[in-house]
Amino acid sequence: MGFVAIYANAVVLVFGAILGSFLNVVIVRWPKEESIVRPRSACPRCGRLIAWYDNIPILSFLLLRARCRHCGQPISWRYPLVEGLTAVLSLLVFHRFVGDVTHMKPGEVGAYLLYFGFVAGLVAITFIDLEHYLIPDVITLTSIPVGILGVWAVQDVPGVPTGVRGSVIGALVGGGSLYLLRLVYQLIRKHEGMGLGDVKMLAMIGTFLGPHPALVFVIFVSSFLGSVVGIVMMVLRGKGLKFALPFGPFLAVGAIVYLLWGYRLAAMFVPVAPVVRSISIQ
């Protein structure tokens, strides 16, 4: 690996970690309906403002030994987890769209930025939903028009998983299919099986990945993972069949897996998926 490739990978990793630090702010403040811009970050226990040198992604957490400099109270492991996860995903999405690092094309960089933004939104949704059983509309509904415009801008880049037509259809099919499933479940069981946030989230996913085979793959993988985790949690906690489990994180995992490796895995998990080298929908 040459110097240019090493430098590009380092920049992408650092960019991902910095965005992950911002996502931590979003994860903490959005459910409380607080501004994500002001005031500056402060220790949630002692209220002291966090200096810039104590706010360096991952590194500051390690140097401070996971404790606040002022009050000595422990810092949540969620902070470095989100920063590290977002950094790794940044690198994976970068290599998903950029073929030759030494000869990057503007369209490839644009596709990376568009789909890394999509993945970052999924990361924020995952941690918010895990803690608050909430999927913010400001992420899902805003991402749909942004995704359609973004796909239009990069649709000619090799490997982009959908075209403009597929993006629009994906949003409609994704949201519509899950909404229909929600209605059927509610009629049969006489109570809600999932929130509208999940419906909007799948519409968002369909916008960026297209309708087929992406949505079938995402629904299959997320349902399988949710069932396995749900059964394990019910056994460990002794809960009944009404044990509440947020579905958003499983949708996020299915979408990210499809984006990164779906063109290889779709034929394995979705029998009707065509075996093709490109998953673009023209």
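Since every read-out is calculated from the coordinates, none of them should be taken as a lab result. These numbers were taken from a predicted model, which means no experiment stands behind them. For neighbour counting, all protein chains shown are included, and Cβ atoms are generated from backbone atoms with ideal geometry for every residue, glycine included.
Going by the structure shown, is T142 within 24 Å of G248 (Cα to Cα), polar (S, T, N, Q) and surrounded by 18 or more Cβ atoms within 10 Å (Cβ to Cβ)? Spelling it out, it is not the case that T142 is within 24 Å of G248 (Cα to Cα), polar (S, T, N, Q) and surrounded by 18 or more Cβ atoms within 10 Å (Cβ to Cβ). Just one of the listed residues (V37, V25) is hydrophobic (A, V, I, L, M, F, W, C) and under 20 Å from the mean Cα position of the chain (by Cα), and it is V25. For the structure I just gave you, tell me whether D100 is out of contact with any Pro (no Cβ under 8 Å at 6 or more places or on another chain) and closer than 20 Å to V28 by Cβ. Criteria not met by D100.
Apart from one condition, T162 fits all of (1) in a helix (DSSP H, G or I); (2) of a type in the set (S, T, N, Q); (3) surrounded by 15 or more Cβ atoms within 10 Å (Cβ to Cβ); the exception is (1).
Residue-wise test of (1) assigned to a loop (DSSP other than H, G, I, E, B); (2) under 21 Å from the mean Cα position of the chain (by Cα).
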position	(1), (2)
N9	no, yes
V14	no, yes
P31	no, yes
C46	yes, no
S60	no, no
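Within the range 113-132, the set of residues being farther than 28 Å from L245 by Cβ and in contact (Cβ under 8 Å) with a residue 40 or more places away in the chain comprises just one member, L114. Under the condition of being buried (at least 21 other Cβ atoms within 10 Å of the Cβ) and among the aliphatic types (A, V, I, L, M), the residues counted in the range 120-139 number 7.
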